[in-house]
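A short worksheet on the structure shown next.
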Amino acid sequence: MEESGHKKSKVHKYDSSISTTGTTTASPPYSDNIDNLKCANANLIDNSESSGQAKDALLDFQKIQNLNFERHSKRLEPSPSKILPSTLPLTDKKCETIARASDCQLREKSLLDMGFKPNEVEGWEKIMQPPKVNLYKLLKNMIDNHIKPNVQIRIGRVTFNCHMMVLQCYSDFFMDYNNEVLIQLPEEKITPTAFVMVYDWMLAEEPLVQREGILELFNAGNFLRIKELINQCWLCLDDDACFREDTALLLYLEARKYCLESLEQLMLMRICKFFLTLVASKEFLILSAREVCTLLSSNTIGVNSETEIFMSVVRWLSHNWEERKCHMLDLIRRVRFSLMPPWFLVTLTKNPECPEIEHIVNHAEVRNMINDGITYTTTQSYYRENREDFLKFLERFQLLTPMQRQWVFDKECNYHHRLECPNLQYVTYKSFLEYLEMIISIGKDYWRNLEMAKGTEKNMQCCVPSDCRKPADPNLVC
């Protein structure tokens, strides 16, 4: 009975192990074996008197069933050490499944692929959109009303609040700066008044340069490198109708302090009939030696004769002889003695009128100039119309043909007569000063009444034939 009880406990233990670890639904054949085992156990309990052969057969059957169970468990669980490939080839059955699934899917497309374009809206052009305020007007309003200036320009003790953008639009000088908030300008190069004129010119839509302050504006434009302003000023200064004679001289005197050499040369070339009025003025006496030399070198200055050029040199030197006598030779070299009457040159050396003239004519180089002038004029009178022989003579003695001046004819000049004229008076420095006094007394428009001489060779025109005591050809001016 103990043996049967022991067997019975073993059977119950085995039955409990199968119910907890086995699965009855996974393998139907294996379930049938379990049922058979139960039946065998039941028979074994009921008939404990069975033979030993039956007992051995039951144990063998249980071993076979346990072996089958282990094999089945190993077949269900994959080996933990086996690494599956990332992609497995599909079996024919799986390919057929995927093919059937793809036949059931929709070919996806976006709205853009379908032809819908978001930027194409029908009737968009017909929308009445409100206008925007013009950017130029907004900027101009800020600039004109000095709203948010971003740079300070300091000249001396004066400071200007400006917009750097405006300055850089016109000035190459300010283009060299970046984000500076304070810029110091030299007052000797540009004055506060000039900077105001420059900035107003920049802000004006159609700026007009005025005569007053034009040189100050022109000089500031040169310093700040404003090309348009320079061109506009120069166009006004180069106007031959506005700046000629008196206006040219006044502009020249104004330009002296700015050292504008090109402008100075231009203005001096435009002085003709106004020259004698200039000599009569105080301004002539304050000119530098260099300026007087430049003026006397011009072919356009208008005089009755070359004698007045010599007398003009004497006037400038006599104003301060001790300080200016060192410039005497430079000035006398500008006098063209070959254009003077020979009788004047002879009397000039024989009877000097004043100490200054005596100092001048007694200089060896000046005396040589006077002698060359006498030789030229007397030889010219000798050859007269024989121009070719006269030129050979000049070449032989190394004499130069002088350039002619722009001669004028003043009927009011008392000493301006030829040698054969009955009204002839000897030209002296005193008579020259009296003539200048007359010019001053007549008034500022005197020079406008001067007549231009007829022909450059007739450098000593004087009174008309009706005023001469000797009869003369009406077409000949004596």
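The values are calculated or read from the model by the stated rules, or taken from the named source; none is laboratory data. In this text the structure is predicted, and so the values were computed from the model without any measurement. All Cβ positions, glycine included, derive from the backbone under ideal geometry; neighbour counts span all protein chains shown. Note: accessible area is taken over every heavy atom of the protein model, side chains too, but ligands, DNA and RNA are not part of it. Shrake-Rupley method; radii C 1.70, N 1.55, O 1.52, S 1.80 Å.
So, for segment 118-170, what is the accessible surface per residue at a probe of 1.4 Å, expressed in square angstrom?
Per-residue accessible area for segment 118-170 comes out at 85 Å².
Hey, what did segment 279-420 get for relative contact order, percent, Cα under 8 Å, at least 6 apart?
32
Ranking request for peptides 111-124, 135-148: highest mean number of other beta-carbon atoms within 10 Å first, then the rest in descending order. Don't skip to the answer; put the middle values down first.
Values: 111-124: 7.6, 135-148: 11.0.
The most tightly packed comes first, giving 135-148, 111-124.
Whole-Hz Karplus ³J(HN,Hα) for segment 274-284, in order, using 6.51 cos²θ - 1.76 cosθ + 1.60 and θ = phi - 60°, x for Gly and Pro?
Computed from phi, the couplings for segment 274-284 are 7, 4, 5, 5, 4, 4, 6, 9, 5, 4, 5 Hz.
In the structure shown, do any of Lys350/Lys444; Lys227/Lys257; Lys411/Lys444; Lys282/Lys411; Lys140/Lys257 have a Cα-Cα gap over 29 Å, and if so which? Walk me through the intermediate numbers first.
Working: Lys350/Lys444 37 Å; Lys227/Lys257 22 Å; Lys411/Lys444 17 Å; Lys282/Lys411 25 Å; Lys140/Lys257 36 Å.
Among Lys350/Lys444; Lys227/Lys257; Lys411/Lys444; Lys282/Lys411; Lys140/Lys257, the Cα-Cα distance tops 29 Å for Lys350/Lys444; Lys140/Lys257.
Quick one: go through segment 239-263 and flag any residue whose amide nitrogen is under 20 Å from the point 7 Å out along the Cα-to-Cβ line of Lys282.
246-247, 249-257
Per residue, how much accessible surface does segment 362-404 expose to a 1.4 Å probe? Answer in Å², no decimals. Walk me through the intermediate numbers first.
On the way: 3210 Å² over 43 residues.
Here the residues of segment 362-404 average 75 Å² of exposed surface.
Per 0.36 nm of contour for each residue apart, how much would the distance between Asn68 and Lys148 grow if the chain were fully extended, relative to their Cα-Cα spacing?
In short, 19.0 nm is gained.
Between Thr159 and Asp240, what is the FRET efficiency for a Förster distance of 45 Å, r being their Cβ-Cβ separation, to the nearest 0.05? Walk me through the numbers on the way to the answer.
Numbers: r = 41 Å, r/R0 = 0.92.
About 0.65, to the nearest 0.05.
Between Phe274 and residues 5 or more places away or on another chain, which pairs have amide H atoms under 5 Å apart, with H built 1.01 Å from N, and which residues are they?
Counting only residues 5 or more places away or on other chains, the set is Gly302.
So, in nm, how far is label Lys444 from label Glu322 when the simple model puts each one 7 Å beyond its Cα toward the Cβ?
The modelled label-to-label distance comes out at 3.7 nm.
What residues have an amide H closer than 5 Å to that of Trp407, excluding those fewer than 5 places away on the same chain, when H is modeled at 1.01 Å from N in the peptide plane?
It is Ala453, by chain and number.
Probe 1.4 Å, all protein chains in place: accessible area of Thr379 in Å², nearest 10?
Approximately 20 Å² for this residue.
If each of Leu400 and Thr349 carries a label point 7 Å out from its Cα toward its Cβ, how far apart are those two points in nm?
2.0
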